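See structure below.
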Amino acid sequence: MNSGRFAISVHILTLLTFSEDEWKSSEYLAGSININPVLVRKELGNLRERGLVLSKEGKSGGSRLAKPADQIFMSEVYEAVKQKDLLGKGINSPNPACPVGRMINDHLDSLYDDAEKTLLASLGKVSLSEFCKKFD
């Protein structure tokens with residue numbers, strides 16, 4: 001998850017929250033985030049697939065929230081952008097004859113699963129609306 005997609009998506013959703021029902025262009029969103037509009041459009045597509053934003057094409061097109069900000073939770077955003085494992089995986093195959101090597105990946109998987117459940121529970125307590133109040 002260290003790609004920055006979560007931060008980009010939260011930034012997009014925060015901007016759309018402050019814009020309420022206005023359609024905002026990817027260029028506008030990209031200008032605030034200071035990234036290429038192509039990257040914004042990629043994330044908007046992902047957020048649209050997850051039912052978090054609506055988009056329309058054309059001169060008066062753009063994106064806006066698909067539902068009220070108080071009904072969008074940070075855990076949904078995390079789930080939308082999550083890539084593989086939160087803490088990563090070992091890149092080697094441990095020695096199966098070693099008492100640690102033969103069980104390390106199972107124990108790490110359990111540890112990682114518990115950490116991700118804790119993260120999701122924490123993020124699930126924060127709505128986009130609550131997050132946006134930090135900007136007042």
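For P(r) over Cα pairs in 10 Å bins from 0, in percent, the choices are (i) 11, 38, 29, 15, 6, 1; (ii) 11, 36, 26, 14, 9, 3, 0; (iii) 13, 45, 32, 9, 1; which was calculated from the structure? Structure-derived value, by its label: (ii). In the chain, which helices (entire DSSP H runs) extend 15 Å or more along their own long axis, judged by Cα positions, while averaging at least 1.0 on the Kyte-Doolittle scale? Both cut-offs are met by 5-18.
With a 1.4 Å probe and all protein chains left in place, how much accessible area per residue does region 1-71 have, in Å²? Show your work: numbers first, answer last.
Numbers: 4070 Å² over 71 residues.
Heavy-atom accessible area per residue stands at 57 Å².
Taking a straight Cα-Cα cut-off under 14 Å and skipping sequence neighbours fewer than 8 places away in the same chain, the aspartates and glutamates within cross-link reach of LYS117 are GLU76, GLU79, ASP85, ASP109.
Charge dipole (Cα centre; +1 on Lys/Arg Cβ, -1 on Asp/Glu Cβ; no other charges) of region 3-133 amounts to roughly 320 debye.
Between SER25 and MET103, what FRET efficiency follows from the Cβ-Cβ distance if R0 is 41 Å, with the result rounded to 0.05?
Values: r = 52 Å, r/R0 = 1.28.
Approximately 0.20, to the nearest 0.05.
Just flag the GluC sites (Glu not before Pro) in region 31-136 sitting in loop per DSSP whose Cβ has no more than 10 other Cβ atoms within 10 Å. Listed in order of number, the matching sites are GLU57.
The values are calculated or read from the model by the stated rules, or taken from the named source; none is laboratory data. For clarity, every value in this text was computed on a predicted model and none was experimentally measured. Cβ: placed from backbone, ideal geometry, glycine included. Neighbour counts: every protein chain shown. Ligands, DNA and RNA are stripped out before the accessible areas are found, and what is left, the full protein with its side chains, is counted by its heavy atoms. Shrake-Rupley method; radii C 1.70, N 1.55, O 1.52, S 1.80 Å.
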